[in-house]
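The values are calculated or read from the model by the stated rules, or taken from the named source; none is laboratory data. Just so it is clear, the model here is predicted, and its values are computed rather than measured. Cβ coordinates were reconstructed from backbone atoms using ideal geometry, including for glycine residues, and neighbour counts include every protein chain displayed.
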Amino acid sequence: MRVADNMQEALAEILRRVKDPRVGMASVTAVELSPDMRHARVRISVIGDEEDRRRTMEGLESARGFIRSELGRVMRLRHVPELDFRLDKSAEYSVRIHQLLRSLKEQEAAGHGEGEGGVGEPAPGDEEGVEDEPEGGETGSEARD
């Protein structure tokens, strides 16, 4: 939706002008507008710990009137939507997944020594080109008879 995208850009710029020190490293990640454009859910990503996120959200709530009036001035809408700020944890979730994957990779690397089944090498006991066959070289159908 073009209006939501324009609103996201405008809000990002407005947040840079908010003088409240609690609104630190916050960025607008998405804006979802109601069909009548009277309500906007604004997704906010905050860099920092849980306390930083809490303070930022308090600062945004405190500055809501200023942000809304600036939005009306910049976008020239007939009705400026009510702003509902929501913490967007998707970036935090992404970072956590990345950390877990890196940790697993490090554990795998630490668990395998040289020539002990590392990537691209057969595991001990596995010989390249030799598959498990029943004794006597019979194929699966001959072994069952």
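Being in contact with a Lys or Arg (Cβ under 6 Å, 6 or more places away or on another chain) and not basic (Lys, Arg), is that true of even one residue in the range 5-23? So far as the range 5-23 goes, no, none of its residues is in contact with a Lys or Arg (Cβ under 6 Å, 6 or more places away or on another chain) and not basic (Lys, Arg). Of the residues making up the range 48-103, those that are farther than 17 Å from Thr29 by Cβ and either acidic (Asp, Glu) or assigned to a strand (DSSP E or B) (or both) number 7. Checked against (1) in contact with a Leu (Cβ under 8 Å, 6 or more places away or on another chain); (2) at pLDDT below 90; (3) not acidic (Asp, Glu), Ile47 passes all but condition (1).
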